[in-house]
Amino acid sequence: MPIAHHPISRQLLGAGIALILVLSGCSSMSKNECLTVDWRTVGYEDGVDGYPADRIAEHRKACAKYGVSTDLALYQQGREQGLQEYCKPANGYRVGVRGASYPSVCPAPLEPAFAAAFDSGHQLYVLESRVSNADAQIDYRRREINQIEHGIAANATQMVSNDSTPKDRADALVDTAQMAERLGRLKGEIRQLEEDKVRYERDLESYRASQAPIT
């Protein structure tokens with residue numbers, strides 16, 4: 001009998017999915033990493049990756065079950081060194097270009113240059129995304145147009161078929177009229193999107209030309 005007819009089965013299925021999700025979750029550190037940990041190195045790596053300061057709480061939780069405690073002082077020393085690498089302007093630009101969020105982890109002396117570079121990269125991401133989104137919207141409408149044209153052709157075949165009843169022909173005629181109306185709207189939308197895409201590409205090229213290398 002289908003699962004939908006058995007509430008208990010649904011509960012078991014839900015529990016199984018929850019268990020899979022729990023088991024698939026990854027701790028921030030493995031048992032071997034906890035047992036051989038160098039907290040300064042862990043802090044440095046977290047700093048280089050731009051993790052916030054509360055990342056150590058995840059490590060503390062991961063290693064507590066193996067009887068390993070964290071060394072906050074060493075971790076912070078390492079993280080501060082790692083942030084010196086992460087917070088370089090060139091990396092801020094890379095983070096922005098990827099479309100990632102602004103992390104707000106940089107020390108005050110490094111934050112302004114990092115933030116400015118991040119903003120430059122993020123603006124490039126936005127401009128590139130507008131172009132790619134316009135392309136995706138155009139492709140989506142072209143696929144729909146192709147489906148509609150096939151539908152209109154099928155209706156035309158039905159309207160002249162000897163096997164079609166008068167009702168079949170009338171329904172096909174109404175359906176064709178509706179599809180033709182939708183076809184006209186789609187073609188108008190594509191024309192507008194193509195015009196938008198030209199403008200977006202022009203803005204993108206202008207922005208790229210105005211950007212100085214960030215080091």
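Values computed for the structure shown
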{"quantity": "Peptides 66-75, 89-98, 204-213, 173-182 ordered by average Cβ neighbours within 10 Å, highest first", "calculated": "89-98, 66-75, 173-182, 204-213"}
{"quantity": "Protection-proxy order for peptides 155-167, 122-134, each taking the mean of Cβ atoms within 10 Å per residue, highest first", "calculated": "122-134, 155-167"}
{"quantity": "Partner lysines for residue 197 [C-alpha distance under 27 Å; skip if fewer than 8 residues away on the same chain]", "calculated": "187"}
{"quantity": "Cβ-based net charge around residue 107, under 11 Å, with every Lys or Arg adding one and every Asp or Glu removing one", "calculated": "-1"}
{"quantity": "Gyration tensor (alpha-carbon) shape descriptor, the chain, a/c threshold 1.5", "calculated": "oblate"}
{"quantity": "Residue 61 paired with residue 129, simple spin-label distance in nm, labels 7 Å along Cα-to-beta-carbon", "calculated": "2.8 nm"}
{"quantity": "Normalised contact order of the stretch 122-210, rounded percent, pairs of Cα under 8 Å and 6 or more residues apart", "calculated": "48 percent"}
{"quantity": "Helix runs (DSSP H) in the chain reaching 18 Å along axis by Cα, Kyte-Doolittle at least 0.5", "calculated": "7-24"}
{"quantity": "Aspartates and glutamates whose Cα lies under 15 Å from that of residue 167, excluding same-chain neighbours fewer than 8 positions away", "calculated": "175"}
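Rule-based calculations on the coordinates, nothing more; no lab input. All values reported here derive from a predicted model rather than from experimental measurement. All Cβ positions, glycine included, derive from the backbone under ideal geometry; neighbour counts span all protein chains shown.
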